[in-house]
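Structure first, commentary second.
Bear in mind that the values in this text are calculations on the coordinates, not laboratory data. Because the structure is a prediction, the values reported are computed rather than measured. FYI the Cβ positions are ideal-geometry reconstructions off the backbone, even for glycines, and counts take in every protein chain you see.
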Amino acid sequence: MEPLTEHVAARADAADWRAAVRLAGDLLVSAGLATAEYAGAMEEAREELGPYMVIAPGVAMPHARPERGVLAPGVAVVTLVTPVAFGHAANDPVDVVIAFAAEDKSAHLATLQRIAALVTDPDALSAVRGAHDDGELRAALATRRTA
Amino acid sequence: MIRIATVCGMGFGTSMMLKLTIQQILRDEGIDAKVDPVDLGSFKTMPADVVVAPTDMGAQVSGTPARVVLIDNLIDKDEIRRKVVAVLRAEG
């Protein structure tokens, strides 16, 4: 199972939602999990389908359809120094971006459960938000893995 | 059996997460219902008694006979429980 901890960028700078999604997309691409097209498709999804992927206060979960260029399943986590607006009425602004790549529509249930477990755990989420560097961010994510 | 459709843009991310949470709630509450995730493009062709969707999709999921439940915080089990169970109890 692909851990949540592999591909991270702590305290990144993003000027807007698009830059934030792009940071997460770049991580998926450089990790070999997705093509550049997939990263672009995550931006398109926000444009075309709306900001609903801001699943909880401050937390966005960008993704695109598997056929848009997923190479291997996985997750990228970016935390932002300055939160950005995604246009969500209730859950803006966003400072935690959790992008995922899924190979098909059902094989990623464990990944979704892990993301949900992280986001519903206030202590884990505040550790993620408080991480000063990538190492601390990985450590904060890893605490959830054994829970 | 009551049919619940969880809806999001692509039908496998947010809607799948909603399905997982709702299944837990149904188990907790002892309610028997079928939950299927569906994308916005095809949900109107899928018969459902109750549609659960992110709040900002409210306009897009109206216009079917299904009762609509809109969720702000998609991982807040308490919000989902409160809103979904109220509708399911009314649905009978």
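Which net charge results when you count Lys and Arg as +1 and Asp and Glu as -1 among the other residues whose beta-carbon is under 11 Å from that of A:V8? Intermediate values should be presented prior to the final figure.
Numbers: positive: A:R11, A:R138; negative: A:E6, A:D133, A:D134, A:E136.
Combined, the nearby Lys, Arg, Asp and Glu give -2.
Fully extending the segment from A:A139 to A:R18 would add 40.9 nm, taking 0.36 nm per residue of separation and subtracting the current Cα-Cα distance.
What does the convex hull of the alpha-carbon atoms of segment A:84-147 project to on average, in nm²? Don't skip to the end; give the middle numbers.
On the way: hull surface 21.7 nm².
Average of the hull's projected areas for segment A:84-147 equals 5.4 nm².
Taking only the Cα atoms of the protein assembly as shown, the radius of gyration and Dmax are 17.1, 51 Å. Cβ crowding within 10 Å ranks A:T79, B:T55 as B:T55, A:T79, fewest other Cβ atoms first. Between A:V128, A:V119, A:V81, the GNM of chain A built on Cα springs shorter than 10 angstrom shows A:V81 fluctuating the most.
Proximity of backbone amide H atoms, modeled 1.01 Å from N, is registered between B:V69 and B:V51, B:V52, B:A53 at under 5 Å, excluding neighbours fewer than 5 places apart on the same chain. Here's the picture: charge each Lys and Arg Cβ at +1 and each Asp and Glu Cβ at -1 in the protein assembly as shown, and of A:G58, B:A59, B:L20 the one pushed furthest to the positive end of that dipole is B:L20. Between B:L70 and A:E103, the simple label model (points 7 Å from Cα in the Cβ direction) yields a spacing of 3.9 nm. Hydrodynamic analysis of segment B:1-42 uses the Kirkwood radius over alpha carbon pairs. Inserted into Stokes-Einstein at 4 °C and 1.567 mPa s, it gives a translational diffusion coefficient of 126 µm²/s.
Rounded to two decimals, what is the ratio between the C-alpha radius of gyration of segment A:6-147 and 2.2 N^0.38 Å? Before the final figure, lay out each step's value.
On the way: Rg = 13.6 Å, N = 142, 2.2 N^0.38 = 14.5 Å.
Ratio of Rg to 2.2 N^0.38 Å for segment A:6-147: 0.94.
Short to long, the 10 Å bins of the Cα pair-distance histogram for chain B hold 18, 60, 22, 0 percent of all pairs. Using only side-chain charges placed at the Cβ, +1 for Lys and Arg and -1 for Asp and Glu, the dipole size of segment A:1-95 relative to its Cα centre rounds to 80 debye.
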